[in-house]
1. Express the relative contact order of region 1-117 as a whole percentage, based on alpha carbon pairs under 8 Å and six or more residues apart in sequence.
2. Please report 223, 337 as a ranked list, fewest other C-beta atoms within 10 angstrom at the top and most at the bottom.
3. I need the shape label for region 1-95. Rule: rounded when a/c is under 1.5, else prolate if a/b > b/c, else oblate, with a, b, c from the alpha carbon gyration tensor.
4. Cα axis of helix 14-25 to longest principal axis of the chain: angle in degrees, 0 to 90, nearest 10?
5. Out of 230, 313, 19, any idea which swings most in a Gaussian network model of the chain, alpha carbons joined below 10 Å?
6. Between residue 263 and residue 307, 0.36 nm times their residue separation minus their Cα-Cα distance comes to what?
7. Hey, can you rank 175-184, 102-111 by average C-beta count inside 10 Å, highest first?
8. Expressed in nm to one decimal, what extension gain is obtained for the pair residue 3 and residue 134 from 0.36 nm per residue of sequence separation less their Cα-Cα distance?
């Protein structure tokens with residue numbers, strides 16, 4: 001069997017679906033190939049759902065301008081998807097509270113992190129411990145202070161992927177979706193890209209977009225050593241009797257206590273749940289849910305918000321962030337003939353960067369990158385020097 005299309009997208013997560021929506025809206029014929037049983041079932045639905053501007057350290061370096069563009073696009077992007085799908089995706093707009101549980105951490109935030117925040121285009125407001133607890137009364141009395149990052153948003157990734165799935169289904173003409181179909185091989189030819197699927201189907205596309213998350217390296221041999229999985233675990237809880245947002249902000253802290261390092265992150269959902277995470281394991285490629293990770297998260301939550309650690313756990317999960325050596329996405333042509341285009345390596349920022357990634361991929365395909373777009377593409381260009389953001393985290397080459 002052989003299928004043809006203008007653009008074939010390997011990977012049906014939030015990045016692949018955002019690109020398909022954008023290209024389909026421009027009238028291109030698009031085929032999305034997803035190995036899982038449904039779109040977005042991997043890292044996208046395992047995400048916490050923060051639309052981050054400052055919390056992640058990688059937001060504050062060269063990627064800052066790309067983050068700003070995506071944050072600016074987000075409300076209208078969700079409105080557009082909602083208008084097509086009929087599925088509204090609410091945004092939690094209270095911002096992020098990043099808090100300190102001791103004076104050492106508050107000093108680090110004030111002296112190391114705050115100067116970086118102030119150099120970014122986003123707002124930041126310093127708060128005392130009492131002011132932080134006034135915003136979120138359940139926070140521990142041990143909180144000595146913190147910062148409100150009001151431009152950060154949050155959403156439920158399940159709702160986002162549901163809206164994207166419905167929106168793509170509504171574009172039955174230009175967009176086709178094949179789930180349960182694994183891409184086995186990608187070959188770049190002078191006039192096309194050829195993809196072989198595990199059922200023997202051959203797809204001939206004008207361009208192949210590799211948006212396969214942590215599995216992208218097998219299709220991008222020149223970048224394989226710069227792409228690797230970062231395992232994260234999390235779980236959903238439900239405060240007793242809660243039916244609306246249980247918290248007004250998403251809340252994050254870094255905790256260092258002897259040999260323990262924790263990164264408790266709480267993201268409220270509109271139906272009364274609170275997602276709690278998160279762990280960080282570079283180069284771990286399985287999605288097994290572990291008791292060790294659950295206890296690590298709960299230890300951090302007990303320190304941050306003791307009452308929250310008693311809420312019943314409804315669901316636990318693990319996912320694989322598509323890491324890149326410098327925690328910056330790889331977006332652009334990678335092959336000799338300009339028929340293979342990478343859109344991967346978003347690390348923990350796939351949900352955050354979905355709108356701008358779709359915009360940049362569309363600009364590359366159209367050959368219409370203007371000055372502003374070119375600047376953003378330069379940050380993410382595939383031929384850059386990959387300087388590790390964390391020393392020693394550069395992965396060894398992996399077997400395809």
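Only the coordinates and a few stated rules stand behind these numbers; no lab work does. All values reported here derive from a predicted model rather than from experimental measurement. Note that we place each Cβ from the backbone using ideal geometry, even for glycine, and neighbour counts take in every protein chain shown.
1. Reported relative contact order: 17 percent.
2. Arranged by neighbour count, lowest to highest, 223, 337 become 337, 223.
3. Since a/c reaches 1.5 and a/b is larger than b/c, the shape of region 1-95 is classed as prolate.
4. Rounded to the nearest ten degrees, it is 50.
5. Fluctuation is largest for 313.
6. Length gained between residue 263 and residue 307: 14.1 nm.
7. Listed from highest to lowest mean packing, they are 175-184, 102-111.
8. Value of the extension gain: 41.3 nm.
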